[in-house]
1. Fewest to most neighbouring Cβ within 10 Å: what's the order for 36, 55, 213?
2. Within region 159-180, list the residues whose amide N lies under 17 Å from a label point set 7 Å along Cα→Cβ of residue 109.
3. Above 25 angstrom, tally the Cα pairs of the chain and express them as a % of all pairs, no decimals.
4. Please provide three numbers in whole Å: the alpha-carbon extents of region 74-120 along the principal axes, with the largest listed first.
5. For the chain, what is the calculated [θ] at 222 nm in deg cm²/dmol (nearest 500), taking -39500 (n - 2.57) for each run of four or more DSSP H residues and dividing by its residue count?
6. Need one number: nm distance between label points at residue 160 and residue 15, each 7 Å from Cα along Cα→Cβ, rounded to one decimal.
7. What order do you get for 200, 270 when you list them from fewest to most C-beta neighbours inside 10 Å?
8. Under a crude label model (7 Å from the Cα following the beta-carbon direction), how far is residue 242 from residue 209 in nanometres?
Ligand code: C2E
Ligand code: CA
Ligand code: CA
Ligand code: CA
């Protein structure tokens with residue numbers, strides 16, 4: 001081993017060790033945390049610009065552990081995809097969200113719930129049956145559920161027919177599909193061609209530079225135009241300022257989501273929150 005000057009290497013390897021260690025702890029404790037329902041689900045509002053009202057909440061998973069502190073999905077989900085616990089997490093989040101949807105719609109079915117779905121979850125060939133049974137169990141109308149499919153959802157040709165079959169089955173019950181992180185992947189056009197998608201969500205990386213980069217604004221205009229021409233409902237996420245909101249309104253998006261409109265909150269806080277836009 002060549003010594004390139006001590007300190008730097010030591011601190012680098014210490015850092016690496018620490019992050020590997022954290023990953024190992026997450027890996028080891030996650031199953032118990034799920035089984036004890038120790039994961040939390042937060043809900044972020046989405047405002048439909050035609051009605052000016054919240055018409056949907058997106059469910060976002062978090063894990064607060066005394067040893068690990070807060071574990072955010074960007075750290076949690078890749079580990080869960082690797083060790084297979086993503087299936088359990090997905091069904092847990094769905095059940096929690098379905099219960100919230102039932103509570104929010106005691107009088108009228110006006111507010112939907114969106115749940116994120118990772119590619120791995122569709123490798124469960126019983127996914128659609130599992131989802132439908134959770135909807136039955138909780139008494140949640142399937143029309144209140146939307147699944148946000150990530151564009152990095154890179155399925156193999158042999159998986160395609162099973163995924164499509166499951167999506168169609170859910171669609172027949174009234175579940176809708178949103179293509180999430182639109183614009184960041186490279187398969188979007190192929191997805192549009194094969195999957196029963198009715199909404200697209202333009203990723204926040206574009207929204208965040210929409211006022212500062214003329215090219216980005218053109219790109220977003222193109223994505224909106226594309227969505228409209230396909231008859232899709234177009235959502236913009238990551239809206240952080242009033243100026244971004246106003247621009248997006250004039251550009252014709254159907255709905256917006258972001259810290260400017262509302263941050264993710266716990267289920268208990270939903271009924272106390274009001275949003276005006
Ligand atoms: P996503 O689906 O694109 O969700 C949006 C992320 O951006 C969320 O981060 C949200 O808290 C954050 N966000 C919302 N508004 C703003 C804003 O105005 N500015 C900025 N900078 N960020 C904003 P979060 O909760 O950390 O989730 C990260 C990703 O993890 C999600 O990205 C989603 O892909 C994934 N994820 C979250 N929950 C689940 C889950 O239950 N299952 C699966 N499979 N994936 C999940
Ligand atoms: Ca999402
Ligand atoms: Ca619906
Ligand atoms: Ca995104």
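1. Fewest to most other Cβ atoms nearby, the residues stand as 36, 213, 55.
2. Residues passing the 17 Å test: 169-177.
3. For the chain, the share of Cα pairs beyond 25 Å comes to 51 percent.
4. Computed over region 74-120, the largest-to-smallest principal extents equal 41, 16, 13 Å.
5. -14500 deg cm²/dmol, from helical runs alone.
6. Between residue 160 and residue 15, the label points sit 4.2 nm apart.
7. 270, 200
8. That separation, rounded to one decimal, is 2.7 nm.
We did not get these values from a lab; they are worked out from the coordinates using the rules stated. This is a predicted model, so every value here is computed, not measured. No Cβ is skipped: glycine too gets one built from the backbone with ideal geometry, and neighbour counts run over all protein chains shown.
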